[in-house]
Each structure stands twice: as structure tokens, then as C-alpha cells.
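In what follows, a structure is listed as C-alpha cells, so that the remarks can point back to it.
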Amino acid sequence: MPDGPQAHWEAVYSHKGDQEVSWFQENPEPSLELIAHAGATPASGIIDIGGGASRLVDALLSRGFKNLSVLDLSEAALAKARARLGESATKVRWIAADVTTWQPEARYDLWHDRAAFHFLTEPEGQRAYVERLKLA
């Protein structure tokens, strides 16, 4: 059986409901306020790093944002979000990848990360993360 971060997060999202995790946020108002403060518009390219089953993408879609991507290590987390959004999920680019090894195929106006970076406790993972941020 695989181990490591991906296996850990697949297990978390396969065995717990999105509201059962300690970081669940029904209304992502703090992130929405920061995104507005940054000057993002509905045309801005936004990526949510570690967005998984987060409700942020729902809120952004409801506000008319059209260029959205969600990256998460866990395909199970992304699947929960896609299922919750139904037909609206087709308006989002879903990326199942490790942000420290991911090769960005696009440029973004805004990089949102509510919690993923703090899980990177080793300097090499932190450096790789920052490198991806600069590329994207």
C-alpha cells in the first residue's frame, strides 16, 4: 500500500466527510475578502492550492469568476468538490498534483493557499513550493 503525503490525504478525504475535518469552513469569507482586497475581478486567473473539497470555488463561481483552478494532492478531495458543484464543476480546472512537483501549464493572477504551505516542514519542500508559485 502506498505511503507518504498523497496516501495520507487520500485516506482523509476517502474516510471523512468534508465537514468532519478540523479546517472545514462553510463560508470562506476571510479568503473572499482577501481576494477582493487583492483586486481580483471575475476575469482574473485564480488558483486555489490545496483547495480540495473547500467551498471557496463555489463562492467564487457564484460571484461570477470564470478562470478558476483548484489544485490538490488528493483526487478524492477534488472528486467531492466536483460532485458537490454538479454541472458547475465543468467551469473549473481541476488539478490532482503535488504542488512541490507540479509543472504549471498556465499563469495565474492570484495564488490562494489557506493551509497547504504550512504542511511543508522541510526546507526543500518549501523551496519547491515557492519555485512553483513563481512559475505560475
Scan segment 32-47 residue by residue and report those that are more than 16 Å from V92 (Cβ to Cβ) and touching a strand residue (DSSP E or B) at 6+ places or on another chain (Cβ under 7 Å).
A38
So is V99 outside any loop (DSSP other than H, G, I, E, B), among the β-branched types (V, I, T), closer than 22 Å to L34 by Cβ and under 13 Å from the mean Cα position of the chain (by Cα) or not?
no
Would you confirm whether any residue within segment 72-95 is among the basic types (K, R) and over 13 Å from the mean Cα position of the chain (by Cα)?
yes
Residue pairs meeting the criteria (Cβ under 7 Å; at least 6 apart or on separate chains; first of a type in the set (S, T, N, Q), in segment 103-129; second in a loop (DSSP other than H, G, I, E, B)):
Q126/L120
Is it the case that some residue within segment 91-100 is modelled with pLDDT under 95 and polar (S, T, N, Q)?
no
In segment 64-79, the residues that are assigned to a loop (DSSP other than H, G, I, E, B), without any contact (Cβ under 8 Å) to a residue 40 or more places away in the chain and of a type outside the set (D, E, K, R)
G64, F65
If we scan segment 53-66, do we find a residue that is at pLDDT below 95 and under 23 Å from Q126 (Cβ atoms)?
yes
Test of understanding: among R82, R93, which residue is farther than 14 Å from R132 by Cα, part of a strand (DSSP E or B) and among the basic types (K, R)?
R93
Search result, residues across segment 85-131 that are under 16 Å from L68 (Cα atoms), β-branched (V, I, T) and loosely packed, with under 11 Cβ neighbours inside 10 Å
T90
Quick one: count up the residues across segment 67-114 that are small (G, A, S), within 15 Å of I47 (Cα to Cα) and in contact with a Gly (Cβ under 6 Å, 6 or more places away or on another chain).
0
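The values are calculated or read from the model by the stated rules, or taken from the named source; none is laboratory data. All values reported here derive from a predicted model rather than from experimental measurement. Heads up, the Cβs are rebuilt from the backbone with ideal geometry, glycines too, and the neighbour counts pull from every protein chain shown.
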